[in-house]
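Beneath this line is the structure, given in structure tokens, with notes to follow.
Only the coordinates and a few stated rules stand behind these numbers; no lab work does. Keep in mind that what you see is a predicted model, and the values were worked out from it rather than measured. Heads up, the Cβs are rebuilt from the backbone with ideal geometry, glycines too, and the neighbour counts pull from every protein chain shown.
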Amino acid sequence: MLLLYVLIAEWLFFYFAGTSTNRRGIIVGFGTWDRQFDILRHSCEIGLLALALTPVIITAGIDLSVGSLLGLCAILFGKLWHDGGLPIPLAIGLTLGIGALAGALNAVLITALRLPPLIVTLGTYSLFRGLAEAITRGSITYTDFPEAFLFIGQERWLGLPTQAWIFLLVALAMGLLLHRTTYGRAFRTIGLAPEGARYAGLPVERRLALVYVLAGLIAAIAAIIYTARLGQAKADAGSGYELFAITAVVLGGTSIFGGKGTIPGTLLGVAAIAVLKNGLACLPVVMRLNAAEEMSGLFTGALLLAALTASVLPKILSNLRSRRHTATQSTSTLSP
Amino acid sequence: MKNSLLRFCAAGAVLLASLLTASAADSKLIVAMLPKSKGNAYFISCKAGADKAAKELGIQLLFDGPTDSNAAKQNEIVENWITLGVDVIAVAAENKEGISTALRKAQKQGIKVLTYDADAMADARSFFVNQATPQGIGQTLMDEAARLVGAEGEFAMIVGSLTAANQREWQKYVEARLKEKFPKMKLVAVRPCDDLKDKAQSEATALLSANPKLKLIMAICSPGVPESVILWNTGDLGYLTIYAGVALAKDELKKGAKSFMAGSLGSFGIEGDNILLGKPFIFNQGNIDQFDF
């Protein structure tokens, strides 16, 4: 709940500090609909990765490869369409399949070989990006996509940026999976106590495999949206996105030790980061310093640390209070 | 308790915001300039020239870009400027087609767009401030390389990135000149440095160990470590870009113009929609100290 207040405060702050009237008398900056839609548009890809990572982190795992997989899928999609001559819908379908397959590779290494997810996905993080760079030899960029495809990333449909609908749909699906099915409960149980889950008869390996395959699939969806938004597929697509996504998930209250976390929390985390990043760029001070990029990094870090501290603060305070309470009690028994 | 917390947060935010906006009222013309990467010495010296022009013209200059040569971030920065309602956007494009979608959107909103250093698609901008024609650059580069090694032996190239359209163009003309004039020279490798200094150095070392007969490395990216390079005056490029941008915003520079006056630098020729900075300029150990990169 604290995060919701932070988000509201953040939004109000930027609304008042980041909106102005320009030379031509037009209202510009944060308080415009265009800007709000831009925020939504820019948060779709990292938002999708954050949705993919929420169940992964709930099972006490991690997937560092999703950003690299986004790059690989973008390149393969471009190649299938441009060099393979496939129609766009077929190329999209195949790309989603490849994403799921790449997720399955993570899943097999983690569940069958019992390797730690951190190490496995650190490996595939380099592997997927390396593949993307090797396929394009670092130099090919796929562009000139048809208008109808760019519509997904650059236009609006029913009032919202087109890709926002895809993002909301995936968010709804993940929300239902995590909060309305036994799968979600299984993920949390595995995160809290994997051995206990196994003794309770849960198919731990199959459930774990599912979260990594889903992560791969969603990374592929993000790759399609990314390509449509920029109108280009290049090997560096999505580099560093995994870290922003993890930040959003943790900010949204998912425990990095597993067992705890929600989809609405993750959505709030994504929004808090996106509003912060876009809002900072609207501040006159930041504009004059020409440092929007650096400031957003700095403040995102500060926000994460502050939120983490705030989340453990009540516990520490109550611990202190109860200790003092017992201390006064013991002295009172002594005094009379 | 929760309600009071919420109210406290909101009040704090609004108060802070009003303090900040008090100093923000500014009715100057705003020109936003986007480099390929902002920590790059080449673009820093561009900015020095741009700053000078901005001061002379009394405009506000925004100079922001990715910290690495990242095409996606370039688009996000341009989209940010569109909603900030700047008057002019001047771009050195990392990816020609990619950036053009954002630039067309800016034009639709009434923002004047021009490119410098590396062009976008022709329909996505009004003018391109061209530092030198690719043919001129390619020929001068190749001639200078041949002069240094006595027109024979193996050489290699280090380019900024293999995707940058302008550098591919130069490479094409270097190769054309090579074929035509210097049959005893051989181009053995072309490597990218991604506009990073340490990458340029490691690529140079790798090239030397892989090709022991290598006599020369032609580095056409700014962090290269050359003995003699051919460039143009980057400060002037920034200066000219700002003057052209402001003239465009004030409707003083229109399509079909044949020449253009840029402050203390005087007159520049225009070919079609290209504003020409001039002939390539050869930097060497003799004159490099006059320039502050």
Order of B:Thr83, A:Thr59, B:Thr140, B:Thr205 from fewest to most other C-beta atoms within 10 Å? B:Thr205, B:Thr140, B:Thr83, A:Thr59
Could you give me the ³J(HN,Hα) list for region A:261-266, computed from phi with Karplus coefficients 6.51, -1.76, 1.60 and θ = phi - 60°, whole Hz, x at Gly and Pro? x, 9, 6, x, x, 4
Where labels lie 7 Å past Cα in the beta-carbon direction, separation of B:Ser27 and A:Lys260 in nm: 5.5 nm
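Quick check on the protein assembly as shown: helices-only [θ] at 222 nm, where DSSP H runs of length 4 and up contribute -39,500 (n - 2.57) each and the sum goes over total residues. Nearest 500, please. Intermediate results must be reported in sequence, preceding the final value.
Details: 22 runs with 380 residues, N = 629.
Result for the protein assembly as shown, helices only: -20500 deg cm²/dmol.
Provide Rg over Rh for region B:44-135; use the alpha carbon set for both Rg and the Kirkwood Rh (inverse mean inverse pair distance).
On the way: Rg = 12.8 Å, Rh = 13.6 Å.
Using only Cα positions, Rg/Rh for region B:44-135 is 0.94.
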How large is the Kirkwood hydrodynamic radius of region A:43-95, in angstrom, based on all distinct alpha carbon pairs? 12.4 Å
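Computed over the Cα atoms of chain A, what is the ratio Rg over Rh, Rh following Kirkwood? Can you show the working numbers first?
Numbers: Rg = 22.5 Å, Rh = 21.5 Å.
My calculation of the ratio gives 1.05.
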Peptides B:167-173, A:197-203, A:172-178: what's the order by average Cβ count within 10 Å, highest mean first? B:167-173, A:172-178, A:197-203
For B:Lys105, go through the aspartates and glutamates and keep the ones whose alpha-carbon is under 15 Å away, minus same-chain ones fewer than eight residues off. A:Asp34, A:Asp38, A:Glu147, A:Glu155, B:Glu76, B:Glu79, B:Asp87, B:Glu97, B:Asp123
Rg/Rh ratio calculated on Cα atoms of region A:1-142 (Kirkwood radius): 1.11
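Diagonalise the Cα gyration tensor of region A:198-336 and give the resulting equivalent ellipsoid semi-axes, square root of 5 times each eigenvalue, largest first, whole Å. Walk me through the numbers on the way to the answer.
Values: eigenvalues 333, 155, 16 Å².
The answer is 41, 28, 9 Å, longest axis first.
Report, to one decimal in Å, the Kirkwood hydrodynamic radius for region A:116-206 based on all distinct Cα pairs.
Details: mean 1/r = 0.0572 Å⁻¹.
The Cα-based Kirkwood calculation yields 17.5 Å.
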State log₁₀ I(q)/I(0) for region A:148-247 at q = 0.19 Å⁻¹ as given by the Debye formula over alpha-carbon point scatterers of equal weight, solvent excluded. -1.00
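Take peptide A:30-43, look around each residue's Cβ out to 10 angstrom, count Cβ atoms belonging to other protein chains, and average those counts. Intermediate results must be reported in sequence, preceding the final value.
Numbers: counts 3, 1, 3, 1, 6, 5, 1, 1, 5, 1, 0, 2, 4, 0.
The mean count of partner-chain Cβ atoms within 10 Å per residue comes to 2.
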Tell me whether the protein assembly as shown comes out rounded, prolate or oblate; compute the Cα gyration tensor, take square roots of the eigenvalues as a ≥ b ≥ c, and use a/c under 1.5 as the rounded threshold. prolate
Output ordering of A:8-14, B:197-203 (per-residue mean of other Cβ within 10 Å, highest first) is A:8-14, B:197-203
